[in-house]
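First comes the structure, then the notes that go with it.
The values are calculated or read from the model by the stated rules, or taken from the named source; none is laboratory data. Computed from a predicted model, the values in this text were never measured in an experiment. Please note: Cβ atoms are built from the backbone with ideal geometry, for glycine as well, and neighbour counts cover all protein chains shown. The protein model used for the area step is the full one, side chains on, heavy atoms only, and it has no ligands, DNA or RNA in it. Shrake-Rupley method; radii C 1.70, N 1.55, O 1.52, S 1.80 Å.
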Amino acid sequence: MRRIFLIFAAIAVVSGPLAAQVALPGVQVPRVGEIVGPVTSELDRQIDRGSRLAARLAQDRLREIDRFVRRNDRLVERDARGDPARRGELLVLDADKAMLDLARGSGYGVLETGTIEGLDIAFARLRTPEGSELAEAERALAALLPGATVSADSLHFQSGEVAAGGPAIAPGGAGSALPLAARAAAAAGAGAGVPVGVIDGAPGKAVPVAQVRGFAEGAPIASHHGSAVASLLASAGAGPIRVADVYGTDKAGGNALAIARALGWLSARGTRVAVISLVGPRNPVLRRAVAAAQSKGMVVVAAVGNGGPAAPLAYPASYDGVVSVTAVDRRRRALIEAGRALDLDYAAPGADVFGLDARGKRVRLRGTSFATPLAAARVARALGQGGRWRAVLDREAIDLGRKGRDEVFGRGLLCADCRGH
């Protein structure tokens, strides 16, 4: 915008002398105001329209979360910041036995103590006192245990839409498990073969994965979203793929502790890249889990969500060192619903891409959820080639928008021609 105004200012300065030099007899040179006025008015209209759309997307997101909390109020309530979390449960880090005894004496029940596998993070899971609301109990416990880290078990939501009605995939057809596996094997022979993990719902049987484990009630169970994300990874040549199902049949699934445990499980098995196409609020347990996984060599790749540019910052995409991914359409325009991250890293195709749903059917996909595995596959490929993955990706990335890194496209577009199946 600033550049446009500078151009108009320059036109205004030179228009007098320039008109004198180029005007011909009988040819009227328009006044600068006659050109600039309509253009700036149109720009103002576009900016106003964009602002209204951003506000509407943010409001839609808030209404959707509110409906979710009301529908599932037996399992979900709002924490001290107003975000949805598991009802009646708090997570505590850095607490010793004396602290937990003090909490018990104040009416909190200790549901579980333990260490997150693969990450060496000790935690306690507490039940809130009888009759207390989660937000009230969270604030009271934080005041009672000032030396500990207290939080709710925040919920995270999938950030993409799996369209219905795609044509079925015939056995051995263009998108079935056999070609997917063949492509993954070919990529491994070409220097890939870097283990990649997905934290989401479980994939269907048509998606070739090496291992699946559940971290929620009823898990693992095939989901459309998890199937689509894993199938995009496979179609891009990533693998072997491990999937951690953090949803199952639990309406309060996708919680911070489940995702942290999933990261630990993946890390303990040598997974080099983790794909998290989920979005939630800041949470100290998950933040520490992400940092611990990164310290063991894992690259975490996460979606910025679909709440629009006015939405709050997306997590885990905004944690330090996480590779945050936004989405573009076929014309390389940013999706209007793409959310925000603290430091955006890359963009990838997230509209008019195709993957498999839980039934193995080919479906159209839209959202930052589906850009994320495509970007993660490029990270895995770069790691498999033995180079510095960031430098490799930066060389590949197509610069879009303002020159250099920007808040809309990050460092540029990866996997520009990837469209899934």
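Details
- Residue, farthest from the chain's Cα centre (by Cα), within region 364-374, restricted to residues that are crowded, with 24+ Cβ neighbours inside 10 Å and farther than 14 Å from residue 272 by Cα: 365
- Residue 259 vs. criteria touching a His at 6+ places or on another chain (Cβ under 8 Å), in contact (Cβ under 8 Å) with a residue 40 or more places away in the chain, buried (at least 24 other Cβ atoms within 10 Å of the Cβ) and closer than 20 Å to residue 297 by Cα: yes
- Boolean, residue 92 is closer than 30 Å to residue 262 by Cα, modelled with pLDDT under 95, open to solvent by less than 40 Å² (accessible area, probe 1.4 Å) and not hydroxyl-bearing (Ser, Thr, Tyr): no
Residue-by-condition table, conditions (1) at pLDDT 95 or above; (2) in a strand (DSSP E or B); (3) out of contact with any helix residue (DSSP H, G or I) (no Cβ under 6 Å at 6 or more places or on another chain):
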{"position": "262", "(1), (2), (3)": "yes, no, yes"}
{"position": "275", "(1), (2), (3)": "yes, yes, no"}
{"position": "282", "(1), (2), (3)": "yes, no, yes"}
{"position": "291", "(1), (2), (3)": "yes, no, yes"}
{"position": "297", "(1), (2), (3)": "yes, no, yes"}
{"position": "311", "(1), (2), (3)": "no, no, no"}
{"position": "320", "(1), (2), (3)": "yes, no, yes"}
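- So residue 411, is it in contact with a strand residue (DSSP E or B) (Cβ under 6 Å, 6 or more places away or on another chain), over 29 Å from residue 209 (Cα atoms) and open to solvent by 30 Å² or more (accessible area, probe 1.4 Å): yes
- When residue 379 is tested against the conditions (1) open to solvent by 10 Å² or more (accessible area, probe 1.4 Å); (2) of a type in the set (Val, Ile, Thr); (3) closer than 25 Å to residue 194 by Cα, the lone failure is (1).
- Evaluation of residue 154 against (1) of a type in the set (Ser, Thr, Tyr); (2) under 32 Å from the mean Cα position of the chain (by Cα); (3) open to solvent by 10 Å² or more (accessible area, probe 1.4 Å) (one fails), failing number: (3)
- Residue 228 being more than 18 Å from residue 153 (Cα to Cα) and outside any loop (DSSP other than H, G, I, E, B): yes
- Where a residue in region 88-100 is at positive phi and of a type outside the set (Asp, Glu) and its partner, wherever it lies, is outside any loop (DSSP other than H, G, I, E, B) and open to solvent by 10 Å² or more (accessible area, probe 1.4 Å), with Cβ under 8 Å and at least six apart: 88/77; 88/127
- Scanning region 100-151 for residues that are open to solvent by 50 Å² or more (accessible area, probe 1.4 Å) and among the β-branched types (Val, Ile, Thr) turns up 113, 115.
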